[in-house]
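Only one structure is covered here, and it is reproduced in the block below.
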Amino acid sequence: MSEQRCVVHFDHHSAEHAANPLHALADLRRDAPIAWSDAYGGFWIATRYEDVVRAARDSETFSSFNDLNMEDVAFSGVVIPPNPVRFLPLELDQPLLGKHRKMLAARMAPPRARNMQQTYEDWADYFIDQFITDGHVEFISQLVSPVPAIATLAFLGLPVDDFQVYSETFHDLAATLPGTPERDRALAGLQVCQQRVAAEVADRRRHPRDDALTDLVNGEIDGVGLPEDEIMDWVSLILGGGIDTTTALLGHSLIQLDQRPELRQSLRDDPKALELFMEEMLRIAAPTQAVARTATRDVELGGQLIRRGERVLLSWASANCDEAVFDEADNIVTDRKPNPHTSFGIGPHRCIGSHFARIEYVAILSRILTRLPDFRIDTGARSYDSVGVVNGWAQIPATFTPGPVLGVPFRSAAEAAQNESLCPAHGRSLQ
Amino acid sequence: MKLEVDKALCSGHALCWREAPHIFPLDEEGYNALADQGPIDIAPESEDVARQGAGWCPEKAIRLID
């Protein structure tokens with residue numbers, strides 16, 4: 001076991017890294033799979049599949065806990081540099097983590113997500129209706145950010161008519177850098193979102209409904225109800241995790257599908273092909289590129305000694321391209337099968353919204369492929385300046401042959417819940 | 001062929017279920033309902049699809065016993 005450190009300058013938030021995230025990671029995987037970066041006060045970065053998975057599974061040794069004590073670098077949660085806010089239950093360890101997840105586990109199970117597919121397709125059709133006669137669109141702001149935002153709000157039970165402020169705020173929080181006017185606007189938007197959520201939480205205490213917000217309001221850990229701030233930390237996680245990540249994956253997929261008519265045709269014709277394409281895009285373009293942990297004891301990882309209290313960044317993006325696990329790891333193999341990528345996380349913190357994210361993706365992309373079959377991405381497409389939080393696209397302008405409006409009405413969250421309860425025999429089906 | 005699902009490893013990705021729902025049922029919370037039930041017999045005609053389902057699991061929670 002090595003006690004020497006291979007020191008590198010690795011800054012996952014830098015513009016240089018954003019320009020080609022997989023390049024630097026491939027070098028590390030080959031030359032220094034457990035390297036010490038001198039950025040942000042110092043942290044280890046693990047890049048091989050085996051090491052990343054082992055650490056992610058061992059939550060006792062590699063802690064996610066965030067004690068919000070910024071003086072002490074220990075236990076500062078799952079992002080580097082640490083967030084001044086806490087996400088629940090993302091920044092808890094077992095056994096508390098499992099108790100928290102149990103409050104929403106059944107509501108987030110795969111059958112519940114599948115019941116929403118028709119509703120998500122309808123929302124996609126509603127937004128496509130707004131621009132389909134124009135012949136041009138900016139995909140991010142006009143379609144692939146609003147629909148995941150609405151899906152997330154509907155899941156929580158928040159008014160979906162408010163989607164714009166949530167969609168813009170959480171997209172901007174991920175897309176902008178601290179100290180810029182855009183970030184300030186996003187932070188102001190966040191305050192508005194939080195005030196609206198607080199009002200809805202207060203309402204659910206008096207008028208419980210069949211929604212996730214009510215589950216959290218009524219939720220108990222060891223017989224004690226959740227304090228207000230923990231409910232807000234949960235809602236922050238669902239909004240942050242639900243809105244911009246799915247948008248990012250759809251963005252990468254649209255870029256990949258540009259100028260590939262045959263691939264579009266096969267994805268349109270075969271739901272299984274669309275599913276495999278989605279998994280491969282998850283592998284190669286992980287929306288969340290990495291998460292951090294804190295070592296709770298001296299431990300060996302990949303032959304390297306890691307000291308108690310040191311921070312470790314686990315790179316999902318790199319693990320997904322590890323040649324030891326994936327053939328043709330650098331290439332996009334659109335029908336790769338099986339595809340045990342790590343993009344929804346590994347171990348007890350597996351993305352609790354993964355089933356909803358997959359259904360949203362399929363619903364939205366299938367409507368794009370059906371209604372805008374010949375879209376062409378313009379040269380103005382621009383990815384994020386930093387991929388340290390979310391690896392996504394700031395804007396994707398495109399042109400296409402105008403098509404007919406379907407006249408799909410905008411459903412409220414209550415109507416969506418109604419739709420879900422009626423499933424699988426939902427009312428209308430669009431071709 | 002038999003297979004066994006490790007409850008400590010299953011994290012509820014549900015990819016086994018997506019691949020082969022008749023072999024890998026889910027519990028109410030979306031985790032593999034066969035977890036910690038001991039070895040389960042797999043009929044010869046279902047072996048291929050059971051292998052596929054196990055191959056998707058990023059946790060390697062499904063152990064095949066030939």
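A Cα-only calculation for chain B places Rg and Dmax at 10.3, 30 Å.
Go ahead and estimate [θ] at 222 nm for chain A from helices alone: -39,500 (n - 2.57) per DSSP H run with n ≥ 4, summed, over the residue count, rounded to 500.
Numbers: 16 runs with 197 residues, N = 431.
The helix-only estimate for chain A comes to -14500 deg cm²/dmol at 222 nm.
Taken over the protein assembly as shown, lysine pairs spaced eight or more positions apart, or on distinct chains, with alpha carbons under 25 Å apart number 11. Shielding by partners for peptide A:282-293, expressed as the average number of C-beta atoms from other protein chains within 10 Å of each residue's C-beta, is 0.
Phi angles across the stretch A:2-17 convert, under the Karplus curve 6.51 cos²θ - 1.76 cosθ + 1.60 with θ = phi - 60°, into 3J(HN,Hα) values of 8, 9, 6, 10, 8, 8, 10, 9, 10, 10, 5, 8, 6, 5, 4, 5 Hz, Gly and Pro given as x. Averaging Cα coordinates gives a centre for the stretch A:281-345 and one for the stretch A:213-272; these two points are 20 Å apart.
Using a 1.4 Å probe on the protein heavy atoms, what percent of the accessible area of the stretch B:6-64 belongs to carbon and sulfur? Of the solvent-accessible surface of the stretch B:6-64, carbon and sulfur hold 50 percent. Of the GluC sites (Glu not before Pro) found in the stretch A:1-107, those in coil by DSSP whose Cβ has at most 16 other Cβ atoms within 10 Å are A:GLU3, A:GLU60, A:GLU71. Applying Stokes-Einstein at 20 °C and 1.002 mPa s to the Kirkwood radius of the stretch A:271-344, computed over alpha-carbon pairs, gives a translational diffusion coefficient of 156 µm² s⁻¹.
Sorted on the mean count of surrounding Cβ atoms within 10 Å across their residues, most packed first, peptides A:176-186, A:268-278 read A:268-278, A:176-186. In this structure the amide hydrogen of A:GLN304, modeled in the peptide plane, comes within under 5 Å of the amide hydrogens of A:SER2, none closer than 5 places in sequence on its chain. Here the 3J(HN,Hα) profile of the stretch B:2-11, calculated from phi with Karplus coefficients 6.51, -1.76 and 1.60 at θ = phi - 60°, is 10, 9, 9, 10, 8, 4, 5, 9, 4, 10 Hz, Gly and Pro shown as x.
Each label point was placed 7 Å from the Cα along the Cα-to-Cβ direction; for A:ILE221 and A:ASP38 their separation is 3.9 nm.
Sort the following peptides by mean Cβ neighbour count (other Cβ atoms within 10 Å, averaged over residues), highest first: B:8-16, B:35-43, A:375-383, A:161-169. Please report the intermediate quantities before stating the final value.
Details: B:8-16: 22.4, B:35-43: 12.4, A:375-383: 14.9, A:161-169: 19.4.
Descending packing order for the listed peptides: B:8-16, A:161-169, A:375-383, B:35-43.
Once the 1.4 Å probe is applied to the protein heavy atoms, chain A comes out at 41 Å² accessible per residue.
On association of chains B and A, roughly 1900 Å² of accessible area becomes buried (total for both chains; probe 1.4 Å). Taking all C-alpha pairs of the protein assembly as shown, those more than 29 Å from each other amount to 50 percent.
The values are calculated or read from the model by the stated rules, or taken from the named source; none is laboratory data. Quantities reported herein were computed from a predicted structural model and do not represent experimental measurements. Note: ideal-geometry Cβ built from the backbone for every residue, glycine included; neighbour counts use all protein chains shown. Surface accessibility is based on the protein's heavy atoms, side chains included, excluding ligands, DNA and RNA. Shrake-Rupley method; radii C 1.70, N 1.55, O 1.52, S 1.80 Å.
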